[in-house]
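Worksheet for the structure shown next.
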Amino acid sequence: MPTDREGLPTLFHPADVAKVLGKSEWWVKEQARRGRIPFTKPGRAYRFTEEQIVEIVRMFESRPLVARPRGQERPAAPIPQPPERRATLQRTTVQLRARTPRRVEQALKAQVQAA
């Protein structure tokens with residue numbers, strides 16, 4: 001672990017971590033803000049030690065689930081079949097009607113009351 005003159009660990013900026021990971025500086029800060037990656041925050045800035053960078057790399061490392069002997073191929077994935085279509089059911093349709101506008105209703109009420 002690199003240390004400075006006083007024996008403290010060297011702190012790296014998010015831009016340095018982003019360069020190592022092949023991500024953007026924004027991505028590194030956002031992951032730190034959401035608590036998805038380890039970080040150190042002296043004051044208001046995100047900083048990363050060498051151990052934390054190694055841990056981040058390990059977090060995003062992918063490994064095979066099962067070790068296969070050399071030459072053994074992965075079994076072919078099953079081809080997804082389209083879902084079976086059901087016979088369309090005959091549905092009864094309902095004729096929708098718009099309601100009478102309020103102005104027309106009020107005018108009809110007024111005519112009934114006047115008569």
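Laboratory data are not the source of any read-out in this text; all were calculated from the coordinates shown. These numbers come from a predicted model, not from an experiment. Counting neighbours? That spans all protein chains shown, and the Cβs are built from the backbone with ideal geometry, glycine included.
Observations on the structure shown:
- Working ranking of peptides 102-108, 24-30 by packing, defined as the average number of other Cβ atoms within 10 Å per residue, highest first, is 24-30, 102-108.
- With only the Cα atoms considered, segment 15-59 has a convex hull volume of 65 Å³ per residue.
- For segment 99-109, the Karplus equation 6.51 cos²θ - 1.76 cosθ + 1.60, evaluated at θ = phi - 60°, returns couplings of 7, 6, x, 4, 4, 5, 4, 5, 5, 5, 4 Hz by residue, with Gly and Pro reported as x.
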